Every structure is written in C-alpha cells, then in structure tokens.
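FYI, it's all coordinate maths here, none of it is from the lab. From a predicted model like this one, the values you see are computed outputs, not experimental measurements. Methodologically, a virtual Cβ is constructed for each residue, glycine included, from the backbone with ideal geometry; neighbour enumeration extends over all protein chains shown.
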C-alpha cells in the first residue's frame, strides 16, 4: 500500500468513527463541532498538501484532494477545504505562516466589495464558510493576501441549504494581523479554480455515498412482499445514480490529476459542470428511491443531498460551462475534438 | 486516487494515453487530415456512416482494422486502447466506417475467439484488410430484445445443416459478404440452450435479401429470408448449442465504445463550423460548454473500459452503464442545439448542418435501441448494483 492509500484508509477510519449521526445533528444545531475539529487537527488533516516550512503537513495536493473526497462521503461539517487547500494555500503561497487554528476564505463575487488600501481592509464579503467559528478570515483583495482576525470583524450569521455556516463579514478599516502581496500564481482566477476543485472532490465523494446508501436502502426496504430493489423502476433509479457517481468520480479523478500537474483549467471547469449535473440527477433519483424516509432529518440522506445542492452553486458564479463554450467557439470546429482529448495542456 | 469506500460497486479507474498511444493518435489524425479534410464532405453519423470499401481498405493497409486480432491472421495484436484511439478519431470525423464496422468491432473478434483454425484463416485476413463486410443475424420478427425466442432453424443434414427462417432489421445485408446468424438447432426446455451461431454467405443459394426502408428513407435495414440454405459443418461458429453464451460475449464487444457517445458529434461540430463569427452568444456557449464537458467525461469512462479490457477484465456492466448514458446524451444534443435556433429543419436546406441535423433527428432514436435497448441495458447494469 502506498502513502496515499494509507492516508485514505486512516482518514476513512477516523471519519467513520467520529462523524456519527449525532455529531452531524449537533454540528448543524451549533454550527460547529469542536471534538471533531480536534480529531482532524490531531491527525494534521488541514495541513495536508501545504509546505511544512509554512506550518503545513507536507504531502501533495493530490493527497489533500483525496482527503476531501472522503470528507464529502462522510458529509464532514467543518471548513477542512477552507483551512487547508484554500486559506492555507493563499497564506503559504504568499510567504505567510499558517496558524494552527481553523481558517476560512472565499473568493469575492459580484456584490462583494472588499478593498485594500495598503494598510487596512474595508467592505463586505458574503458566504464565508464557518466565519463565526474560525480564528481568521483570509482574503484575496486588490492583489494582496490578508489575514484578518475574526474579532476585528462584524460577522452576521447565515447558512447554506445544508445548514452549514456561510456568514457575511463586514470590515471597517480592519488592520490585518498579517499580509503580503499575492504570491506567484495567486489571483482571483486561480482561487476560484481551486475553490471549484474542492467542491468537485467533496461532491464526488458525496455522490458515491448517495449511491451506497440508496443501494443499501432499496435492498433492505420491503414493499409488496419483496425488496424494492427487485422492481425494475427502482433499479433504473439505482443505475442512474451509479452513472452519475461514475461521472462525478471520473471527473474528480482526472481534474485532480491534471491540477497536480499544473494545467487544469479545462478539466476543473468541466468537472464542476459535470458534478453539478450529477448532483441534480443523483439526488432526485435517490430521494425518489427512498420515499418519505429520505425526507426526514432522522435519516442520513439529507446530510448528503443538501450539501450537494449547496456545493453545486458554490464556486459556480463564473458559469464554468460558459467558459468552456467560449474556448470552444474561439478554437472553432477543427479545434473541438482535440480540446476534448487533450484538455488544458499548457496552452489554455 | 484511491477511493476506499465504494467497494463492490461499478468501478472505473482513470487512465490516459501513453506516449506511444498519443503517437498513434497523431498518425491517425494526419491520415484523416489528408483523406477527409474537415468541412470538405458530408460526414457520416456514427456507425450509420456510409459504407466505403475503398476507405476501409486504406484503413486495413494502415493496420487499423482487426487491430486486436492475431498477427498470423493479418491482425495487429494491438490493445483495446489502441483500437479506441483509432475508432474515436474515425467517428469524430464522421468517417465512412459502414463497410468494415461490424466485421472490425465484433465479427472478427468472435471468430478469433470461437472459430476453427480454418475459419480464422478464411475470414480474419479479409476482416483485417477491410475486404470483408459482415452483418449480424440476430433479430427476428418475434425476437428483438428477447433473443432466446429466435425461430430460424438449422436442421441436421448430411455434412451440415439446412437453415430456414427470417432475420429482420439486418444492417448492411444487401452489401455485405457474410452474416453471423443465431439459429435454433435444438428444442430444449431451457430456452437459452439449443442455439447455435452459423456463418452464412449472404450470396449463397436460398438467401434472399429484401430492403426494409429506414426511417429516413435510406437503405440500411434488410429482411434476410433463408430458404433451405445449406450450411456446411465447417461454418458452424463455436460449439453447437453454445450460441447463447457466444452471443452474450459478442454483445459485450458492441457496448461501451466511443460509437456510443459520438454519433451526433459531427452535427454539433458542423453547427460550430457554419456559425458566423461573433454570432454565438452566451446561451450557445453554455450549450457547447456543457456538451464538451460531457464528451470529455464520457470519453474518460469509455477509455477506462478499454484499459480494463486490456488488463484482462470483463467490464460488461460498466459498458452497459456508459452505453445507456451515452446514447441518451447523443439524442439530448439534438434537442439542445435546436433550442438555440429558430429554424424548421429541412433535408433540402443548403446548410450541411441542417441536413445533418435532419438525418440525426430521424435516426437518433435507433441509438438507444440497437445493440441492446435502454431498458435491457438498465437491467444489465442493475445486476452490478445488486447486493
């Protein structure tokens, strides 16, 4: 077994043990789970894929994306992606140390208006995951990476469809605890791309789990004297979920592989587009196959489907399908099939 | 990337082309740039594409037919992935693959697997050179998806068999040379027993081929009437009574390849080719982007199936899964592109795009029928999900 597989196994065991139905319910009620955060911090998961000299755990980006797949499978209710692959990356790539506390960040979208005057940050940033429970908000603003102490900000609580915190922060001439000019390769586009890739990996894991729980449920649930999985109409739902799980998984695998190599814009755009569609089809089929049980908060399905509906919209404001289409149109008819086979390459 | 959780559920491992496979891709592209320059002709749609024996011979001369067959019969002993590389390039260009398609994809493979030495020596070199065209003699008036219901009967006679019956919807029987024919040789309690595959010369005495006009008015389908056709023992393919299992193996060759998501690709490419510069707005971009993302992921799944075959696997359920989704996608593309346009498509249009669109609208329903209907594929794939 290689290191990646060992890590996957250890993470899978940790999440299986720690993320119980009770923990998920408590985390939704409280917006946080300190015992769970302590458990993942002890294992060093937030720092996987970040350089040790800046406070990370080392390992590759591929490793941390693999951890996110497993986090998605278990509906991990914590800002693992934000602390590591996104916020930790913004800091370490710009030469700043990564604190050993939960971090959060999000790319600015239309309607956000953070500005940086060289000394202080002013403005509004919305949809900041778990801001109220994180020590710091990291933001990319006007070419600078700034680390803001939560205590200096006005945080207004808001949630996504899954009940996870997606808060609004307001800054009024806040002096960062640390800042630096954005490092090489760090800009709004690359942050959005990374953000989209984290959602792709979370979504692929969650859709695989949706398949798993639906296969189990339809085997165990009996109606008309037999397991409902024996009915062809129900089998069609299972196959449709399996197709979407295969699509989301493959999209995430290839996007992660190419991202680790350095040129993955097309693959991430395409993967996010496909995962969004996969989530739509798989959640509909899974709910149909579960009947009323799937509509309750007592049963696990909603932890996955509500997150999938949220992740579908996150890091999607740019409209990735349209971006791909713009490239297709620019390259013209003879460039289309080569784009499908070669993807980003260094030229996109 | 290892996914530790979905044990036992259909599995697709991501893969990519090696340096030598990329070199083959470049070689095929160069050949096609020369033979079929983009925009220079009317492309064919998938394996509905025109039959062009001359073109097939050129592919054969390049070693791009019968690629996986043994060298001693003219094959290339190459991999499923290499065959995938050649096939996807041909289909994305709308190449005229109609003549060799069935022979290359499945008849050659079943003869290599189940045939006698004499059959291999007789048929495979012609498959590899692009000379021989094959038809598939499975469907009958009362045996569509339920192939075990075939009634075409082969009766034992001195030195062989006499065959009587009718095959229908037989693609290309009017122009092809041979038909691998599923016949009943024994009335058994078990409907799946007592079936045998025979290689029938479509020009033999007693064989009558009548056209069945295809939905778009073209001649593709046929009725093949077999009236006391004598078939020598040497033309029994595999074992007498084993037709069902051989046939199942044959169908596996028919599923999961790039032909299952590229049939309508030339329509969309032509849409792009004919669009006036600057005329495609945000809605078109979203449609093209979504389509491209879908081709990309389906290609990766299909490539993964080819790689699994090369590793000795038998990804039957995975292939059914991909075929089912790919064939629906091919049809969805036609709805999508029409939603962008204010046209009433006419086959007489001056626009090649519109002509192709008409052809595709009329023929696309067959994509989710031939080689296993959507309903059959769902049932095959569901077996992979049973606990």
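With R₀ set to 25 Å, the beta-carbon distance separating residue A:342 from residue B:13 gives a calculated FRET efficiency near 0.80. Multiplying each eigenvalue of the alpha-carbon gyration tensor of segment B:40-118 by 5 and taking the square root yields semi-axes of 23, 13, 11 Å, largest first, rounded to whole angstroms. Cα-based radius of gyration for chain A, normalised by 2.2 N^0.38 Å, reads 1.00.
For segment A:261-344, dividing the convex hull volume of the Cα atoms by the residue count gives 119 Å³ per residue.
Angle check, please: helix A:265-290 long axis (alpha carbons) against the longest principal axis of chain A (alpha carbons), in degrees 0 to 90, nearest 10. Relative to chain A, helix A:265-290 is tipped by roughly 40 degrees.
Compute the Cα gyration tensor for segment B:1-153, then decide on rounded, prolate or oblate, letting a ≥ b ≥ c be the square roots of its eigenvalues: rounded whenever a/c is under 1.5, prolate when a/b is larger than b/c in the other cases, and oblate in all that remain. Rounded shape, in that the Cα axes give a/c under 1.5. Relative to the longest principal axis of the Cα atoms of chain B, helix B:352-363 runs at roughly 40 degrees.
Under the definition of Cα pairs under 8 Å and six or more residues apart, what whole-number percent is the relative contact order of chain B? Walk me through the intermediate numbers first.
Working: 671 pairs, mean separation 63.0, N = 387.
That works out to 16 percent.
Shape analysis of segment B:270-387 yields a ratio of the Cα radius of gyration to the Kirkwood radius, Rg/Rh, of 1.06. With a cut-off of 18 Å on the backbone N, the residues of segment A:8-23 near the modelled label site 7 Å out from residue A:299 along Cα-Cβ are A:21-22. Spin-label pair residue A:330-residue A:115: with each label point 7 Å from Cα along the Cα-Cβ axis, the two points sit 3.0 nm from one another. Under the simplified labelling scheme, the residue B:118-residue B:54 pair shows an inter-label distance of 3.7 nm, with each label point 7 Å from Cα along Cα→Cβ. Compactness of segment A:218-298 was expressed as the Cα radius of gyration divided by 2.2 N^0.38 Å, which yields 1.41. Mean sequence separation of contacting Cα pairs (under 8 Å, at least six apart), scaled by the length of segment A:223-348, corresponds to a relative contact order of 29 percent. Once you have the Kirkwood Rh of segment B:26-71 from its Cα pairs, apply Stokes-Einstein at 25 °C and 0.890 mPa s and quote D in µm²/s. My calculation gives 204 µm²/s for D. First check a/c for segment A:27-169, with a ≥ b ≥ c the square roots of the eigenvalues of its C-alpha gyration tensor; if it is under 1.5, answer rounded, and if not, answer prolate when a/b is larger than b/c or oblate otherwise. In terms of gyration-tensor shape, oblate. Taking only the Cα atoms of segment B:72-209, the radius of gyration and Dmax are 16.1, 49 Å. FRET efficiency for residue B:189 and residue A:219, Cβ-Cβ distance as r, R0 = 25 Å, nearest 0.05? Efficiency at R0 = 25 Å is approximately 0.20. Using only the C-alpha atoms, the convex hull of chain B corresponds to 152 Å³ per residue.
Entry note, chain A: relative contact order of 15 percent, from Cα contacts under 8 Å with a spacing of 6+ residues. Label-to-label distance for residue B:146 and residue B:204 is 2.8 nm, based on points extended 7 Å past Cα in the beta-carbon direction.
Rounded to 0.05, the FRET efficiency of the residue B:156 and residue B:362 pair, given R0 = 56 Å and the Cβ-Cβ distance, is 0.80. Its alpha carbons considered, segment A:157-240 gives a radius of gyration followed by a Dmax of 22.3, 67 Å.
Give me D for the protein assembly as shown in µm² s⁻¹, whole number, from Stokes-Einstein with Rh from the Kirkwood sum over alpha-carbon pairs, 25 °C and 0.890 mPa s. Don't skip to the end; give the middle numbers.
Values: Rh = 27.9 Å.
Answer from the Stokes-Einstein relation: 88 µm²/s.
Axis angle, to the nearest 10 degrees, between helix A:333-342 and the longest C-alpha principal axis of chain A: 90 degrees.
Entry note: segment A:272-316 has Rg to Rh equal to 1.00, where both radii use alpha-carbon atoms and Rh is the Kirkwood radius.
Rounded, prolate or oblate: which fits segment B:153-301, taking a ≥ b ≥ c as square roots of the Cα gyration tensor eigenvalues, rounded meaning a/c under 1.5, else prolate when a/b beats b/c? Kindly include the intermediate steps, with their values, before the conclusion.
Details: a/c = 4.05, a/b = 2.26, b/c = 1.79.
Here segment B:153-301 falls in the prolate category.
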